[in-house]
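Nothing in this text is a laboratory measurement; each read-out follows from the coordinates by a stated rule. These numbers come from a predicted model, not from an experiment. Methodologically, a virtual Cβ is constructed for each residue, glycine included, from the backbone with ideal geometry; neighbour enumeration extends over all protein chains shown.
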Amino acid sequence: MVKRVLNEVTKRRSPETHKGDYGHVFVLAGSTGMTGAAYLASQAALLSGCGLVTLGIPKSLNAIMEVKLTEVMTKPLKETGEGSLALEAFDEIKCFIDSSVNSIAIGPGLSTNKETALLVEKLITTISKPITLDADGINAFVSRADVLKSAKGEVVVTPHPGEMARISGIDTAEIQRDRKSAALDFARKYEVIVVLKGHKTIVADPGGEIFINETGNPGMASGGCGDVLTGMVASLIGQGLKPYNAAKLAVYMHGLAGDIAMRHKGQISLIASDILEALPEAFRSA
């Protein structure tokens, strides 16, 4: 199944093709002290094949990101006093998404600021285009996961077990005892696609389909690796894959890139940037 989905992405591109044929991904990420997460998600989206990536970032961090990112465009947005995205930025974000964006990633390094969380909620319940939620994008719905049922578009959530525990109200140990049931129950209850990260990452669809990944290694238990996955999911959706298929393929390729990186760096020294560097080889070899 993964190989068939991969063929949809890696089939030979037409000589007459242009960047607009491969989707425009908008990444909403970053806050003071968390610019690395925004970088990793944005760069992963680009390296996974989409034609254009724009990073929406608090305006005070824009100069930093323009130095860190070369091929990714940046969009400075209104911010809170804590240096995170402000609710006041909603109209500008929505206008930009409506005009040119195919897929949105929300959450890496976004912060747990209450106003930023309200912005995430308003986007989820207003934007009809597919959204990938990670990290603080997920934390925005702690104790109010029912809001996810009001999403206008398809939503993919990519929690690690701790985030899954917070948003579902179930103890982490209980989730780990039966990861398949935890992922599938949440997907069905809240009508979202769930990517429950960890050993043998699980992808669950609200309709009851489930995928258990076999790639990846313990060296990937390092800060930022999940941000890379977020960018990959959003990128593959932006290229036209259905969100469930995009999530499966992203998880598989993310793990494969991690395995390639491990062969060069070992498990102890493997970091998220190593996965980024291994993505071209992963897509070539899969």
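Structure above, values below:
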| item | result |
| --- | --- |
| Along the chain, longest interval not containing exposed GluC sites (Glu not before Pro), exposed being DSSP loop plus at most 16 other Cβ atoms within 10 Å | 83-190 |
| Net charge over other residues, Cβ less than 14 angstrom from the Cβ of Leu270 (K, R count +1; D, E count -1) | -1 |
| Positive-end extreme of charge dipole, the chain - chosen from Val195, Ile210, Asn139 (charges on Cβ) | Ile210 |
| Reachable lysines, given that their alpha-carbon falls under 26 Å from the alpha-carbon of Lys265 and they are not under 8 places away in the same chain | Lys68, Lys197, Lys200, Lys248 |
| Summed side-chain charge close to Leu46 - residues other than Leu46 whose Cβ falls under 14 Å, Lys, Arg +1, Asp, Glu -1 | -1 |
| Net charge contributed by nearby residues that have their C-beta within less than 12 Å of Glu281 (K/R +1, D/E -1) | -1 |
| Globularity ratio of the chain, using Cα Rg and 2.2 N^0.38 Å | 0.92 |
| FRET efficiency, 1/(1 + (r/R0)^6) with R0 35 Å, evaluated for Glu209 and Arg177 via beta carbons | 0.95 |
| Under 17 Å from Lys189, Cα to Cα: lysines that are on another chain or at least 8 residues apart | Lys149, Lys152, Lys180 |
